[in-house]
Number of protein chains: 2
Amino acid sequence: MFSRQQLVSQIHKKKSFLCIGLDTDPEKIPAFLNNFPNPVMEFNRRVIDATHDLCIAYKPNTAFYESYGAKGWQNLIDTCNYIPDDVFKIADAKRGDLGNTGEMYAKAFFNKASSGMEFDAVTVAPYMGADSVIPFLAYQNKWVILLALTSNQSHQDFQLSETENGALYEQVLQKSQTWGTTEQLMYVVGATRGEAFLTIRKQVPDHFLLVPGVGAQGGSMEEVCKYGMNESCGLIINASRSVIYASNGRDFAEAARAEALSIQVEMEKQLVKYRFLE
Amino acid sequence: MFSRQQLVSQIHKKKSFLCIGLDTDPEKIPAFLNNFPNPVMEFNRRVIDATHDLCIAYKPNTAFYESYGAKGWQNLIDTCNYIPDDVFKIADAKRGDLGNTGEMYAKAFFNKASSGMEFDAVTVAPYMGADSVIPFLAYQNKWVILLALTSNQSHQDFQLSETENGALYEQVLQKSQTWGTTEQLMYVVGATRGEAFLTIRKQVPDHFLLVPGVGAQGGSMEEVCKYGMNESCGLIINASRSVIYASNGRDFAEAARAEALSIQVEMEKQLVKYRFLE
């Protein structure tokens, strides 16, 4: 349960709109962790302990967990359950399937009694249309974060295709607004095309946007804030590798904290600049 | 490992191009199975035992497994491993994510040493473009089955959007052909729009098509074959609920077999009619 109001109040409180991507790859974590019974969980717990006062969301990408079988899936569940309740939990799953199957995906991420975990939001791919989004919206105070304009190079392949209603991603923004409210729907918009936020904010002035691609992928936080911030902040900027792999040594958690802190400081400046904070 | 040649030879041998969707919902299986230690696996094993000589593929939809946590995920793994090696194994996962994350998804479904299971194919959503497909194609004799025109009602929302190169799904067919060969790529094309196969076969004359929506969703096998069959058969027609839930009693496996048999008989007729079989 995480309402829009709670999200905004966390941003106020922490002076941050940082989401940390928990894309934990057992082959990339510090080697000394392999002496622990569960290296991935040891890593995730220490990163969460070290950063949860600086970020407002965590976003484990499910691919990194399911690639290690049932044990990996259990790690996803345990990670979700370890995240403190005042931090927004996003399952970056990019799911999407029709009616009855969509309901099963919603159950997987939102119904703890069945699946063992309860995220606040899940990322969904729009290709199959309304059917694949609506099952998630049946849950109260839960969110769908719909892929609109992603940060990868090949977003050009289809997302920028011109249709009778603008580029495909614009059509996604337009059409999907009728499926749910600004209390249920967010959009993924990559930071790599800062100027695109101008167009996007014309179509979705009030929605929250989840923004990957600042840092490692070359997006500029300043530009994203300039064109993308709204009265409720309206932005959740994600950083994954730059934070969690800030150091490969025994100090990885402190290094993650230092990196998260430097992002938070920059975010606070932007929040003041655009008068979200006084 | 399942080459195109092997697939064609299985169709020849079994006189069938049936795929059975293992969308096993613990709430829908016969109640007496709840007396077994693992009702879902008991159900899947009996269905597979009763039908594997009549179908050329099985397709568990991952949503039905992940909605039951790590135990559900283990059932997906065990189901994959239980399917005989001469049957094509499709993970209906509708995944799709950029570069390094895409690699993790490929590992999840194709790399048994890491994930405990090895499917022959995985369904992928095209919205994020080439980046999200290519990591799967790095595996030899493995397949990506890309969503093109799905069988759900709301495929209209985006898949039929007119772009500068025809409808979006046509653009997906065109563009993705440059990413891999007919030995690596198939497409999902719903049976609910039989006449669409005419257009589709102009663009992808040689590719295999995975076709959901015959039966329960109202598609006609005759029409699909008329417009969609090619020299290699080129079709894998899926049936899920109509087969696996053919009976809700103790005879469910025999009933599943009877239903699969009646589909196989119809398929054999079509294979003769279109001269794939003599």
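Worth pointing out:
- Long-range neighbours under 9 Å by Cβ, at least six apart or interchain, first residue more than 9 Å from chain B (Cβ to nearest Cβ) within region A:121-132, second in a strand (DSSP E or B) and among the aromatic types (Phe, Trp, Tyr): A:Ala121/A:Phe88; A:Ala121/A:Trp143; A:Val122/A:Trp143
- Qualifying residue in region A:13-27 (condition: surrounded by fewer than 24 Cβ atoms within 10 Å (Cβ to Cβ), within 13 Å of A:Ala253 (Cα to Cα) and in contact with a helix residue (DSSP H, G or I) (Cβ under 6 Å, 6 or more places away or on another chain)): no
- Matching residues in region A:10-37 - criterion: being closer than 24 Å to A:Val189 by Cα and in a helix (DSSP H, G or I): A:Gln10, A:Ile11, A:His12, A:Lys14
- The residues in region A:28-44 that are crowded, with 17+ Cβ neighbours inside 10 Å and of a type outside the set (A, V, I, L, M) can be counted, and the count is 5.
- Of the helices (runs of 4 or more DSSP H) lying entirely inside region B:71-169, those containing at least 2 residues that are within 29 Å of B:Asp25 (Cβ to Cβ) span B:99-110, B:112-115.
- The lone criterion from (1) on the phi > 0 side of the Ramachandran plot; (2) out of contact with any Lys or Arg (no Cβ under 9 Å at 6 or more places or on another chain) left unmet by B:Leu98 is number (1).
- Region B:177-204, subset β-branched (Val, Ile, Thr) and touching a residue at least 40 places away in the same chain (Cβ under 8 Å), residue surrounded by the fewest Cβ atoms within 10 Å (Cβ to Cβ): B:Thr182
- Whether a residue is out of contact with any Gly (no Cβ under 7 Å at 6 or more places or on another chain), within 26 Å of B:Leu277 (Cα to Cα) and either surrounded by fewer than 21 Cβ atoms within 10 Å (Cβ to Cβ) or at pLDDT 95 or above (or both) was assessed, and B:Glu223 does not pass this test.
- Hey, A:Asn165 of a type in the set (S, T, N, Q) and over 25 Å from B:Asp92 (Cα atoms) or not: yes
- Residue-level analysis places A:Arg250 outside the set of residues that are basic (Lys, Arg), under 19 Å from the mean Cα position of the chain (by Cα) and either open to solvent by 50 Å² or more (accessible area, probe 1.4 Å) or at the interface with another protein chain (Cβ under 10 Å from one of its Cβ atoms) (or both).
- Residues of region A:137-150 that are under 21 Å from A:Val204 (Cα atoms) and either open to solvent by 10 Å² or more (accessible area, probe 1.4 Å) or more than 12 Å from chain B (Cβ to nearest Cβ) (or both): A:Leu137, A:Asn141, A:Lys142, A:Trp143, A:Val144, A:Ile145.
- Filtered by the rule that a residue be in contact with a helix residue (DSSP H, G or I) (Cβ under 9 Å, 6 or more places away or on another chain) and farther than 16 Å from A:Leu168 by Cα, region A:183-197 gives A:Glu183, A:Gln184, A:Leu185, A:Ala191, A:Thr192, A:Gly194, A:Glu195.
- Yes/no for A:Ala93 being within 12 Å of chain B (Cβ to nearest Cβ) and more than 17 Å from A:Met186 (Cα to Cα): no
- As a summary of the residue check, B:Ser114 satisfies the conditions (1) farther than 30 Å from B:Phe158 by Cβ; (2) of a type in the set (Ser, Thr, Tyr); (3) touching a residue at least 12 places away in the same chain (Cβ under 8 Å) except for the one numbered (3).
- Cβ-Cβ distances below 6 Å connect the following pairs, each with a first residue in region A:156-176 that is closer than 17 Å to B:Glu170 by Cβ, a second residue that is assigned to a helix (DSSP H, G or I) and among the small types (Gly, Ala, Ser), and a separation of six or more residues or different chains: A:Asp157/B:Ala130.
- Number of residues in region A:46-63 that are open to solvent by 10 Å² or more (accessible area, probe 1.4 Å) and either under 19 Å from B:Ala93 (Cβ atoms) or part of a helix (DSSP H, G or I) (or both): the value is 3.
- Only one of the numbered conditions (1) farther than 21 Å from A:Arg275 by Cα; (2) surrounded by 22 or more Cβ atoms within 10 Å (Cβ to Cβ) is not met by A:Tyr245, and that is (2).
- Residue in region A:99-113 that is farther than 23 Å from B:Lys59 by Cβ and in contact with a helix residue (DSSP H, G or I) (Cβ under 8 Å, 6 or more places away or on another chain) present: yes
- Candidate set from region A:96-118 (those that are more than 9 Å from every other protein chain (Cβ to nearest Cβ) and either within 16 Å of the chain's Cα centre (by Cα) or at pLDDT below 95 (or both)); member that is least open to solvent (accessible area, probe 1.4 Å): A:Phe110
The values are calculated or read from the model by the stated rules, or taken from the named source; none is laboratory data. Owing to the predicted nature of the structure, the values given are computational and were not obtained by experimental measurement. As a convention, Cβ positions derive from the backbone with ideal geometry for all residues, glycine included, and neighbour counts pool all protein chains shown. Calculation scope for accessible area: heavy atoms of the full protein, side chains included, ligands and nucleic acids excluded. Shrake-Rupley method; radii C 1.70, N 1.55, O 1.52, S 1.80 Å.
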